[in-house]
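Scroll down for the structure; my scribbles are underneath it.
The values are calculated or read from the model by the stated rules, or taken from the named source; none is laboratory data. This one's a predicted model, so the numbers in the text were calculated from it and none came from an experiment. All Cβ positions, glycine included, derive from the backbone under ideal geometry; neighbour counts span all protein chains shown. Note: accessible area is taken over every heavy atom of the protein model, side chains too, but ligands, DNA and RNA are not part of it. Shrake-Rupley method; radii C 1.70, N 1.55, O 1.52, S 1.80 Å.
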Amino acid sequence: MDELQFTDLKLVTLSNEANQFLGREWKKDEKHPIEIRASHHPVGHERHVSRLMFVQDTDGEYKEFAMLSTRTAQLPIGTKAQANFIGVEPATAKAIIGLPGNEPIEITIRELKNFSYPGLVFNAEPINLEFGTVPVTDKTVKIKLDGKTLGELDSDSVQQLKQIDYLKNGNPLKLKLTSISETGDQAFVLGESPNGNLLKINKINFYDFSGQSFNDQDYRKLTIDLPPYKTRDAVFLNGEPLGVLHFKKDLDALRQLGLLKTGQLTPAPAIIQSNFSVICAQIDPRSVEYPQKWTKEFQIFSTQSVNPQQLYMISRSAKILHHIKERPTFLFSTESNKKLGVMGLAVDNQKAETVTKWLTAQKVEFQQVPIEDVIRETKKGLAVFNLVSSSIPPKTLDNMTKKFGAIIESTLEYQQRVSSLATRPQFLKSPSQLTQSPPQQSAQLHPTQDIQNVASRGIKGKPIPMNYPLMMHGDTNLLPVDTCIDAMRGYGRTHTTRAYEPYKQYGYELPHPTS
């Protein structure tokens, strides 16, 4: 690729003592020279076996700043570039409170992500807050199985249940559970409901089913367990909990000002500034300088290039991962739609047949828009239907908006929604389809001829999940690189191979040439 595809890198472990820029406030529009280096920290250190970002300081030296999140895009070790830093996940906030006739005090508001305003960023702005020692509940929602705690519901799944007004203590859930990650504090399972919705349940190893693996064929009965109210020294914004207070000096100072009273909220003006647990490094694509020689991660960290357990888990979860990659469904009714008396419905094009049957059963008048008329949507993996608005029963429309969200009425918002989706890969024909295709009548060279010629020689293979860098210069591969890449794309994703031979990993069998 000629252009950098992923420009936003998430940086973590900002509070670690190895951060030589602790406490520094970064101006979001100010660019800094950065370099990606391999961690030098020993076993047991939070930043061991990781990629680190070093930043050039005012003295011209590169100093250690933060660790690249394992879930963010990665740049090769040795890459240099220009980047600016923007906080994206507030962890705490500092508030300065100045009442008339009193010295201003500074307090720390903690646990922002656990309450009503996770992700809200404050930039030293004046605001009215309320303080009190009152009963509050955080957003932690636990899931019970057979009376025991399975784990904590992911925040996105919490919002999903809130949207349908189902997030209530004791409400039952009917789910098939599948373990995706089983080790460490990142262990989680996915629960699939009978109608295909997915819920993510985190922190499995923190509770009663630690170490247990799930691969359900039948549904289980689970229940929602909302946390009880607990009396906390808390800070509120617009009557909703913003965070809690922890430090004794803060509590004493607030009580002295008469702001922290038991059983009631007391308002006060404040200036509030967010502190971040995660910073996003925005890379300028034009400034990227890749290393002359790329270094493989396992060569530096002495780690094996293959994690058999990880590969096994991914292969086991292939069915549920398919659901994760489904395109969202949404309704839209822009001005042009309204003039025609129709409403648009965009769905995953792999579900077009199912949607057609459902609309017919609902007696909705509709027509699927030809793909040549919705080229952009088609590239994004969407099929578009025009529904005659007057033919949609009110109850059906109500159910649709509950499931798919509010109707998009802005053309710009609709275009942004479509553009935000990843382009769906174009799949090659399977070997069986190629065999059934009529033979080439033309002797001219076509772009796909090489692939078809290889397929006609009887290559056999199997799709297996991999996540390692593509075999590069100096490695031996009996199949042409282009063929390997196209074959891997045929399974919906481009895999990497690191020190492994792709033709062996994928089970390819290259027949002996015949005379």
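Take the Cα of Thr329, step 7 Å toward its Cβ, do the same at Gln367, and the gap between the two points is 2.3 nm. Calculated translational diffusion coefficient of the range 1-116 (10 °C, 1.306 mPa s; Stokes-Einstein with Kirkwood radius over alpha-carbon pairs) equals 97 µm²/s.
Based on the Cβ-Cβ distance from Thr140 to Val388, what FRET efficiency comes out when R0 is 41 Å, to the nearest 0.05?
For R0 = 41 Å, the calculated efficiency reads 0.35.
Mind ranking His41, His48 by accessible surface for me, highest first, 1.4 Å probe?
Values: His41 25, His48 65 Å².
Largest to smallest exposure gives the sequence His48, His41.
Counting only Cα atoms, the range 228-293 measures 64, 29, 24 Å along its principal axes, largest extent leading.
For the residue pairs Lys148/Lys221; Lys139/Lys248; Lys113/Lys139, the alpha carbons lie more than 19 Å apart in Lys139/Lys248.
Taken as Cα centroids, the range 195-251 and the range 369-428 sit 33 Å apart, rounded to the nearest whole angstrom. The smallest convex shape that holds all Cα atoms of the range 61-172, its convex hull, gives 227 Å³ per residue.
Hey, any idea what the orientation-averaged projected area of the convex hull of the range 142-191's Cα atoms comes to, in nm²? Intermediate results must be reported in sequence, preceding the final value.
Numbers: hull surface 15.3 nm².
Average of the hull's projected areas for the range 142-191 equals 3.8 nm².
Within the straight-line cut-off of under 22 Å between alpha carbons, the lysines reachable from Lys63 are Lys10, Lys27, Lys28, Lys31, Lys80, sequence neighbours fewer than 8 places apart in one chain being disregarded. Surface calculation, 1.4 Å probe, protein heavy atoms: Ile96 sits at approximately 80 Å² accessible.
Quarter the surface of the alpha carbon convex hull of the range 366-420 and you get the mean projected area, 4.3 square nanometres.
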